[in-house]
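Peer 1: I have a structure I would like to understand better, so I am pasting it below and will then ask my questions one at a time.
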Amino acid sequence: MNRSSSRRNSARSSHSLSDSSGILGAAFEAARERAGAQVGEIVEQVKHEGQAFVAGRRELLAEQLTNVSSAIRRAADKLHDTDSEFIAAHVDRAADAIDD
């Protein structure tokens, strides 16, 4: 192989590598954008599910506090029925504190 032929082959190789790296770079960029979009979707899904979980737990807690308050009020009513007004007043306040 002579020198000019060698230079032409080298130039073609260099040009071919440049084209390949450009194609690979574009493919990598496209893959990166797709991955970023998928991560964004996953983050939104997790955020939505987290909010739904918290809302459900908040509802459950409110329901349980209502049940506790009702039980305390029933206890206070029984204390009123037995003329234990001093203790009944404290128990009523405890139920009020839970309701607030």
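The values are calculated or read from the model by the stated rules, or taken from the named source; none is laboratory data. All figures in this text were calculated on a predicted structure; none of them were measured in a lab. All accessible areas refer to the heavy atoms of the entire protein, side chains included, with ligands and DNA or RNA removed. Shrake-Rupley method; radii C 1.70, N 1.55, O 1.52, S 1.80 Å.
Peer 1: How big is the accessible area of Leu60 in square angstrom, nearest 10, if you roll a 1.4 angstrom probe over the protein chains?
Peer 2: 70 Å²
Peer 1: Considering only protein heavy atoms, what is the solvent-accessible area of Arg34 at a probe of 1.4 Å, reported in Å² to the nearest 10?
Peer 2: For Arg34, the solvent-accessible surface is approximately 140 Å².
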